[in-house]
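In what follows, a single structure is set out as structure tokens and then discussed.
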Amino acid sequence: GAVVSQHPSWVICKSGTSVKIECRSLDFQATTMFWYRQFPKQSLMLMATSNEGSKATYEQGVEKDKFLINHASLTLSTLTVTSAHPEDSSFYICSAHDTAQSQHFGDGTRLSIL
Amino acid sequence: GDSVTQMEGPVTLSEEAFLTINCTYTATGYPSLFWYVQYPGEGLQLLLKATKADDKGSNKGFEATYRKETTSFHLEKGSVQVSDSAVYFCALSEGQAGTALIFGKGTTLSVSS
């Protein structure tokens, strides 16, 4: 079945560091990927829609200069958290649609900023 | 805007008990409805879905029926197992296929032997 690989699964870094998270569709092409954020014991909130070859669409309240999204190919989208601070600590999850329009999720990235 | 409301957890059951997790939604159109499961430390997995009214989604003994009249999509399982312990999310997707999901807050299920 369709697989979405997200890397890294866990990262701990110092405040002020920029962190890049990769989301790959391994056996299908995805023109659209989504990035979600999940706070502890809360639901997933859509951050942005990543479109291959064009700019991402950000949800209200999400800083586009803080969370840089690049979707350079049909199988890869990256989320870069720039100058991360402790309040950016969270669980970030990507998803991608396959040709049957079923949405498949990565295993998520747990980001901890010290 | 569209929203999903789930029953608050945690839900604690003994093995082989009957499970119901309530989910209701608010949507302007005719959304597709989903249940996702998240096991500890893992990402989300699609459990089942329904794309139109009166459809029943089913998988691994879980079932949910799309009820337009009550705007509900309650998750049920006749006999839970310890391995079913996880967080369950109800979600909807409005409009054309391939749009983002709107999630409920999730319900934690804990099953003991």
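Points to keep in mind about this one:
- Cross-link partners of residue A:55 among lysines (Cα-Cα below 25 Å; sequence separation of 8 or more within a chain): A:20, A:64, A:66
- The GluC sites (Glu not before Pro) of the stretch B:8-113 that DSSP puts in a loop, and whose beta carbon has at most 15 other beta carbons within 10 Å, are B:8, B:15, B:16, B:42, B:69.
- Projection of the Cα convex hull of the stretch B:19-102, averaged over all directions and equal to a quarter of that hull's surface, yields 5.5 nm².
- The trypsin sites (Lys or Arg not before Pro) found in the stretch A:10-114 that occupy coil by DSSP, while having at most 15 further C-beta atoms within 10 Å, are A:14, A:41, A:55, A:64, A:66.
- Fully extending the segment from residue A:66 to residue A:100 would add 9.0 nm, taking 0.36 nm per residue of separation and subtracting the current Cα-Cα distance.
- Result for chain A in a Gaussian network model with C-alpha springs under 10 Å: among A:61, A:16, A:53, the largest mean-square fluctuation is at A:61.
- In whole angstrom, chain A maps to an equivalent ellipsoid with semi-axes of 22, 14, 13, each derived as √(5λ) from the alpha carbon gyration tensor and ordered largest first.
- R0 of 45 Å, Cβ-Cβ distance residue A:13-residue B:14: FRET efficiency to nearest 0.05: 0.60
- Sorted from greatest to least, the principal axis extents spanned by the alpha carbons of the protein assembly as shown come out as 48, 38, 33 Å.
- For the stretch B:69-81, 3J(HN,Hα) computed residue by residue from phi via the Karplus equation (6.51, -1.76, 1.60; θ = phi - 60°) reads 5, 10, 6, 10, 8, 6, 8, 9, 8, x, 8, 7, 10 Hz, glycine and proline entered as x.
- Simple spin-label estimate for residue B:79 and residue A:112 gives 4.1 nm between the two label positions (7 Å along the Cα-to-Cβ direction from each Cα).
- Relative contact order of chain B, taken over Cα pairs closer than 8 Å and 6 or more residues apart, is 36 percent.
Where a number appears in this text, it was derived from the coordinates with a stated rule and is not lab data. Here the structure is a predicted model, which is why all the values come from computation and not from measurement. Note that we place each Cβ from the backbone using ideal geometry, even for glycine, and neighbour counts take in every protein chain shown.
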